[in-house]
Every structure is written in structure tokens, then in C-alpha cells.
Amino acid sequence: MKTMKYLSMLLIMVAMSVCMVSCGDDDDDAPTDVATVIAGDYSGTLNVMGYTDQFTAYITLTRKSDTAVSLVVDCDEIDMHLNSVILDITQSNNSYKLASSSKAVNGTVIGKNLNITFSVGSKTYTFYGDK
């Protein structure tokens, strides 16, 4: 009888210890800096100010620091390629503002949508696209 009581107590302790063990948190943590949030590839349309034509274009934003990304624009239809411009990021409510201190490039990111305006030579371009 003593052995049965001892074995039942042992069984209860084992069952309780197994029930108390849980899995670790396997969820990926949300990105902590704004550059990681907006970095990625965007596709959309490129307009040349003063013209009605729209062209397919691609923009890549690459994280450079917590508050800066590198911008690369490619549009094969008009053979326009803008290489690596560093943009500073400021957060405003639910949007991110992008601006270059050395070039005429600025824009916004809201959700997965990107709007960029930039000048190359005498022409000004606008890009509207999403991730």
C-alpha cells in the first residue's frame, strides 16, 4: 500500500512537471528600426513631369543604418538608371519621409506604398509603386 501511494505521488509529480513546460516564443520580433521596415524592392510606374506617358520602373531601398536607406532606380523602357542615393528617414505618424541632403530626391512610404520624386538633368520624375 505504501508503494502504491509512493508511485501515485511520483506519477502526479511527473505529470505536473510535463504540463508546466511550454514552448519558447518562436515568433520573429518585429523590426525595431525604420530602415528595416521600409527596405525592399518596389515596382510601379514612373512619370516624367510634363509628359503623359507612364513607364514601368523598379526601385530598391537598401538599409544603410537605422535611419538611412540607399535608393536605386531602374527603368529600362527609357534607359534611365539612378544609382545609389542615400536617403534619410524621418517618421511622421504612420508614414516615413525620405529625403536626400545632397540630391533632389524626396518621397514618402505609407504602408507598402512608395512615392518618390527626383530630378535627373533637366527632367523631374515621379514614381508610384508598392512592395
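Please treat every number below as a calculation from the coordinates, not as lab data. If you're wondering where the values come from, they're calculated on a predicted model, not measured in any experiment. Quick reminder, even Gly has a Cβ in these numbers, built from the backbone with ideal geometry, and neighbours come from all protein chains shown.
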**Study point:** Whichever residue in region 87-104 is buried (at least 16 other Cβ atoms within 10 Å of the Cβ) and among the aliphatic types (A, V, I, L, M) and, among such residues, is nearest to T117 (Cα to Cα)
**Key:** L98
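Could you tell me whether region 81-89 includes any residue that is of a type in the set (S, T, Y), closer than 19 Å to M49 by Cβ and assigned to a strand (DSSP E or B)?
Looking for residues that are of a type in the set (S, T, Y), closer than 19 Å to M49 by Cβ and assigned to a strand (DSSP E or B), one finds none in region 81-89, hence no.
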Review point. Does T52 qualify as being of a type in the set (V, I, T) and in contact with a Gly (Cβ under 8 Å, 6 or more places away or on another chain)?
Key: no
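For every residue, the table says whether it meets (1) touching a Cys at 6+ places or on another chain (Cβ under 8 Å); (2) more than 16 Å from G129 (Cα to Cα); (3) not charged (D, E, K, R).
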{"site": "D41", "(1), (2), (3)": "no, no, no"}
{"site": "L46", "(1), (2), (3)": "yes, no, yes"}
{"site": "Y51", "(1), (2), (3)": "no, yes, yes"}
{"site": "R63", "(1), (2), (3)": "no, yes, no"}
{"site": "V73", "(1), (2), (3)": "no, no, yes"}
{"site": "N83", "(1), (2), (3)": "no, yes, yes"}
{"site": "N93", "(1), (2), (3)": "no, yes, yes"}
